[in-house]
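Undergrad: This is the structure, below, for whatever I ask next.
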Amino acid sequence: MKTLGKRIFDLLEIHLATWIFILLLISVSIEVFSRYVLNTPTPKFFELSIYSFVWTIYLGAALAKRYNQHIRFDILYRKFPRKGQLLVDIIFDSLLTIVMLILLVPSVNYTVWNYSIKASALRIPWTYLLMCFPIFVVLIVLHNIRDIVHNVGQLMGKATERDEVLPWQ
């Protein structure tokens, strides 16, 4: 049975990201057809494609972090013993969490401040574009905290495995 937290993560990182990606595909397709077949570009679909592209990137990055699927430069990392790898993971996740927490308040303030600025074509507040970044920051912090706790547990000899299966497998 899924926990409430897992359902919220799934809602944001899988379901919302999927719908936004579909919106991206549709808006780009309409824009390409309009621009190259009808010879009349549509600024609204162009702007919508930019917004949906940015949202897709940030939600996809959070999903990749959730399943530890980011590309890593791990030539040296693989040479470390398991405890060394856990220490490196804990240090880097801790540093990233600190940076993200430092970015959180200014990004929320900036997002709220931009509510009065409207997008040129869609005439919606920029807040709707920019709010993907604070959401991304919160998701990364939560995933990092989970990973740090998990790795510290493994470092202390409490062998635990993650129960989540990659949604695309």
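Undergrad: So what are the radius of gyration and Dmax for the Cα set of the stretch 87-169, in Å?
TA: Final numbers for Rg and Dmax: 17.6, 56 Å.
Undergrad: Moving to a separate point now. How many percent of the alpha carbon pairs in the stretch 93-132 exceed a separation of 10 Å?
TA: 69
Undergrad: For the stretch 4-155, report the convex hull volume of the alpha-carbon atoms normalised per residue, in Å³, without decimals.
TA: Convex hull of Cα atoms, per residue: 124 Å³.
Undergrad: Still on this structure, please answer the following. Let's see if you can work this out: charge +1 on each Lys and Arg Cβ, -1 on each Asp and Glu Cβ, no other charges. What is the dipole magnitude of the chain about its Cα centre, in debye to the nearest 20?
TA: Charge dipole of the chain: 140 debye, to the nearest 20.
Undergrad: Place +1 on the Cβ of every Lys and Arg and -1 on the Cβ of every Asp and Glu in the stretch 4-155, take the dipole about the Cα centre, and give the residue among THR127, TYR110, ALA61 whose Cα lies farthest towards its positive end.
TA: ALA61
Undergrad: Given 0.36 nm per residue, what is the gain on full extension from THR127 to ILE22 after removing their alpha carbon distance, in nm?
TA: 35.7 nm
Undergrad: Could you list SER107, SER120 in order of exposure, starting from the residue whose Cβ has the fewest other Cβ atoms within 10 Å?
TA: Arranged by neighbour count, lowest to highest, SER107, SER120 become SER120, SER107.
Undergrad: Using 5 Å bins from zero, what percent of all Cα-Cα pairs in the stretch 10-73 falls into each bin?
TA: The distribution over the stretch 10-73 is 4, 19, 21, 18, 13, 10, 8, 5, 2, 0, given as percents.
Undergrad: On to the next question. Could you pull out every residue, at least 5 positions away or on a different chain, whose amide H is within less than 5 Å of the one on ALA119? Hs are placed 1.01 Å off N in the peptide plane, and Pro or chain starts have none.
TA: Those lying under 5 Å, H to H, from ALA119 are ILE124, TRP126.
Undergrad: If you don't mind, another one. Listed highest first by mean packing, meaning other Cβ atoms within 10 Å per residue, what order do 73-82, 97-106, 50-59 come in?
TA: 50-59, 97-106, 73-82
Undergrad: Select from LEU25, ILE14, LEU155 the residue farthest towards the positive end of the dipole of the stretch 4-155; place +1 on Cβ of Lys and Arg, -1 on Cβ of Asp and Glu, and compute about the Cα centre.
TA: LEU155
Undergrad: Quote the FRET efficiency, to the nearest 0.05, computed for ILE14 versus LYS83 with a Förster distance R0 of 35 Å and r equal to the Cβ-Cβ distance.
TA: Efficiency for this residue pair is about 0.60.
Undergrad: Of LEU76, TYR36, VAL141, which is farthest on the positive side of the dipole of the chain, counting Cα position, with +1 on Lys and Arg Cβ, -1 on Asp and Glu Cβ, and the Cα centre as origin?
TA: LEU76
Undergrad: Using only alpha carbon pairs under 8 Å that are at least six residues apart, calculate the relative contact order of the stretch 4-155 and give it in whole percent.
TA: Computed over the stretch 4-155, the figure is 26 percent.
Undergrad: Let me ask another. Could you give the angle, 0 to 90 degrees to the nearest 10, between helix 43-66's Cα long axis and the longest principal axis of the Cα atoms of the chain?
TA: For 43-66 against the chain, the angle is about 10 degrees.
Undergrad: With Cβ to Cβ distances under 14 Å as the rule, what net charge do the other residues near LYS118 carry (K, R +1; D, E -1)?
TA: That works out to +1.
Undergrad: Dipole of the stretch 64-123, Cα-centred, from +1 at each Lys and Arg C-beta and -1 at each Asp and Glu C-beta, to the nearest 20 debye?
TA: So the magnitude is around 200 debye.
Each reported figure results from applying straightforward, stated rules to the coordinates on display, with no laboratory input. Keep in mind that what you see is a predicted model, and the values were worked out from it rather than measured. In this analysis, Cβ positions are derived from the backbone assuming ideal geometry, glycine residues included, and neighbour counts consider all displayed protein chains.
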